[in-house]
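Every number in this text was worked out from the coordinates using simple rules, so none of it is lab data. Note that the structure is predicted; figures quoted are calculated from it, not measured. Heads up, the Cβs are rebuilt from the backbone with ideal geometry, glycines too, and the neighbour counts pull from every protein chain shown.
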Amino acid sequence: MSLSLRRIGLVAARDFKNSITSRGFLIGLLIMPVMMVLFFVLVPRILNSHTPQITGEVAVIDATGKVTPELRHALVPAEIAARRAREATTPPAKNKAVVPAAAAGPPLPALTVAAQAPDADVQVFKTWLIQSRDARPQHLAVVVVQPDAVARRAGASAFGSYDLYTSVHLDNATEAILRDSVRAALVSARLSADGLDATAIGKVQQVFQPDSVVVAAAGEHSGSRGIAQFLPLASGILIFIGVVMGGTILMTSTVEEKSSRVIEVLLAAVSPLELMYGKLLAHLGLGLTMTAVYLFMGVYLLAQFSFAGLLDPMLIVYVLVFYIFTFLVFGSLMMTIGSMVNQMADAQAFQGPMMILLVGGYVLTPIIGAAPNSSFSVTMSFLPFINTYAMMARVASSAPPPGWQVLATLLVSCVTVAAVVWFAAKVFKIGLLMHGKPPSLGTLIKWARMA
């Protein structure tokens, strides 16, 4: 019986419509994009918009008499923000409008310095810290500056430091700001004692780290190491999720139709190969739909943090192309497993080795992305079943491979797809009408020779 493109199209349309309109698929399709939006966009904005400003007192027992005024200045919210800007390794955004609200963070604390006598009893102020949360003003911390914190003792090679006692109501973020402010106050007091200008020295030490500009034959574009390290892993996740979800639905539908004898009705109208190719194309389209939705959400999230301009549009094309090859290989294997068994429990034993290959390729993506041109990465690019993951990670890295290697990987993928689909078709023709105990590996090889 010759293959009919029309019958293959009818089978594909039937399976695609049944799967994409099912409630389980729609929930699985939407749940991850919704979670991504919630965790990366909405939740930070909601938390920041409802975070009250921390206010309270910090008692300072300063034996030097020089740190307290510096600390009072260092704890001013504007000075905290300015210090963060000076210590940043990247320049501030030229257009502040592009910075998302989620990146703004909670409001800076308003801490008031309560100067105490140099010989004040520390034990008394430990008791001072113990109060209810509703008391106002909040007693948040006690800073005890040591006598040699500004001027070293005779014969000493290092300065003294300070002791910090905190209330149970002081959160970690505010404590970190307080510690940074005390450090800045100590440094400023020490420099002033030596007749040096702390502000001028800080400006001299400040060196902004600009984004790198990648120069290639196709032109120049801005580079970002953080994004470059994330893209290989993200590309692998997209391919992995699409193949697992689409392939699992394909295998499940095959098992259900076989166990309910629907397959026998379908085989009265189409040949086994037409049924196989139709189902494979239908779920390939299903997986592409899921991948396209996840790609859209990924680009949207990058745009929320002003990183969308760093994404090469060709990378989206590569994700879709390598996804097609990966799905044709593993989707064919999953459908073959579905044709061999009568219930999902029997499919687990066959699915295990295949999932090892699928997960193995995904796990290797961050390793390959970190060293895209190493001998290991290049070798993995031409190894069947893993090559699509490896080449996708290399293409998405900061040092993409030469064009001929990409073409060679595509050629290897074509050969792998042809071999796997050929084997799947042989087993599928016989396995569809077989019932009872699942076949062994030797039986599968025998089926492939018989068909």
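Considering all alpha-carbon pairs of segment 54-210, what whole percent are spaced by more than 21 angstrom?
For segment 54-210, the fraction of Cα-Cα distances above 21 Å is 52 percent.
At a 10 Å Cβ-Cβ cut-off, how would you order 134, 346, fewest neighbours first?
134, 346
Which whole-Hz ³J(HN,Hα) couplings does segment 244-251 yield from phi under the Karplus relation 6.51 cos²θ - 1.76 cosθ + 1.60, θ = phi - 60°, glycine and proline marked x?
With the stated coefficients, segment 244-251 comes to 5, 5, x, x, 5, 4, 5, 5 Hz.
Among the listed pairs 17/446; 126/203; 66/203, which have their C-alpha atoms separated by more than 30 angstrom in this model?
Those over the limit are 17/446; 126/203.
I need the phi-derived Karplus couplings for segment 235-243: 6.51 cos²θ - 1.76 cosθ + 1.60, θ = phi - 60°, integer Hz, Gly and Pro marked x.
Couplings: 5, x, 4, 4, 5, 4, 5, x, 5 Hz.
Expressed as a rounded percentage, what relative contact order does segment 54-210 have, with Cα pairs under 8 Å and six or more residues apart?
36 percent
What spacing in nm lies between the two simple spin-label points modelled at residue 378 and residue 3, each 7 Å away from Cα in the Cβ direction?
3.6 nm
When only alpha-carbon atoms count, how far does segment 301-451 stretch along each of its three principal axes, as whole angstroms with the largest first?
Sorted largest first, the three principal extents are 56, 34, 22 Å.
Taking neighbour counts of Cβ atoms within 10 Å as a proxy for exposure, in what order, fewest first, do 274, 57, 257 appear?
57, 257, 274
With 10 angstrom as the radius, rank 281, 383 by how many other C-beta atoms surround their C-beta, starting from the fewest.
The fewest-first ordering by Cβ neighbours comes to 383, 281.
Hey, can you rank 201-207, 246-252, 401-407 by average C-beta count inside 10 Å, highest first?
With the highest mean Cβ count within 10 Å placed first, the list reads 246-252, 401-407, 201-207.
List the residues whose amide H sits under 5 Å from the amide H of residue 60, counting only those 5 or more places along or on another chain, with H placed 1.01 Å from N in the peptide plane.
114, 115, 116, 143
By its C-alpha gyration tensor, with a ≥ b ≥ c as the square roots of the eigenvalues, how is segment 141-198 shaped: rounded for a/c under 1.5, else prolate for a/b larger than b/c, else oblate?
Oblate, because a/c is 1.5 or more while a/b does not exceed b/c.
In segment 54-210, what percentage of the DSSP-assigned beta bridges are antiparallel, given to the nearest 5?
30 percent
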